[in-house]
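Structure first, then comments.
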């Protein structure tokens, strides 16, 4: 089980670093944009870069939000049910999330491939790098949902989200 915990920790850290770096880039770009508007010299590319940084923030953050329970949930209904029902519903929700994300991965990859033939207007960035955010979001969501399913079926966890206080 040690290897599984190390894998979970590593994937979580990568996603956290991705959120941190992309959000930092977003903040710096917006500050540059605002400062440029105050002096009537706002660079054109800042608008585009803020959108791309936001996409990467969401891509890295969605799996983490699933892990911590920050995504939309219906816990108030599920947890009020008697007996084993809350556990069963958490398992079904994780299975559905993982299944849908895994199903969409090849379609998202096709979307990434289409972007190879395009570039962004202001930065001249290849759009497959930007479209990769959709694939990355689904991949991380699938990984975190699958880890929850495996953890529940092996008895390592009960399927309740990891709260931020428990992170090291």
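Given the criterion touching a helix residue (DSSP H, G or I) at 6+ places or on another chain (Cβ under 9 Å) and either over 30 Å from residue 51 (Cα atoms) or part of a loop (DSSP other than H, G, I, E, B) (or both), identify the matching residue among 87, 109.
Going through 87, 109 in turn, the sole match is 87.
Condition first: closer than 20 Å to residue 157 by Cα and surrounded by fewer than 14 Cβ atoms within 10 Å (Cβ to Cβ). Now tell me which residues in region 37-68 satisfy that.
None - no residue of region 37-68 is closer than 20 Å to residue 157 by Cα and surrounded by fewer than 14 Cβ atoms within 10 Å (Cβ to Cβ), so the list stays empty.
Please enumerate the residues belonging to region 39-78 that are closer than 20 Å to residue 97 by Cα and either over 22 Å from the mean Cα position of the chain (by Cα) or in a loop (DSSP other than H, G, I, E, B) (or both).
Listed by number, the residues that qualify are 69, 70, 71, 72, 73, 74, 76, 77, 78.
Pairs please, first residue from region 98-125 and on the phi > 0 side of the Ramachandran plot and exposed (fewer than 12 other Cβ atoms within 10 Å of the Cβ), second anywhere and modelled with pLDDT under 95 and in a helix (DSSP H, G or I), Cβ atoms under 8 Å, 6+ apart in sequence or on different chains.
Final answer for the pair search is none.
Which members of region 69-79 meet the condition of being loosely packed, with under 12 Cβ neighbours inside 10 Å and either within 26 Å of residue 132 (Cβ to Cβ) or in contact with a helix residue (DSSP H, G or I) (Cβ under 8 Å, 6 or more places away or on another chain) (or both)?
Listed by number, the list holds a single entry, 72.
Using the structure shown, decide if residue 12 is surrounded by 13 or more Cβ atoms within 10 Å (Cβ to Cβ), closer than 14 Å to residue 133 by Cα and within 18 Å of the chain's Cα centre (by Cα).
Against the criterion (surrounded by 13 or more Cβ atoms within 10 Å (Cβ to Cβ), closer than 14 Å to residue 133 by Cα and within 18 Å of the chain's Cα centre (by Cα)), residue 12 does not qualify.
Mind counting the residues in region 47-82 that are farther than 20 Å from residue 149 by Cβ and free of Cβ contacts under 8 Å to residues at least 12 places away in the same chain?
5
Does region 92-104 include one or more residues that are within 24 Å of residue 29 (Cβ to Cβ), in a helix (DSSP H, G or I) and at pLDDT 95 or above?
There is no residue in region 92-104 that is within 24 Å of residue 29 (Cβ to Cβ), in a helix (DSSP H, G or I) and at pLDDT 95 or above.
The values are calculated or read from the model by the stated rules, or taken from the named source; none is laboratory data. Keep in mind that what you see is a predicted model, and the values were worked out from it rather than measured. Don't worry about glycine lacking a Cβ; one is built from the backbone with ideal geometry, like all the others, and counts go over all protein chains shown.
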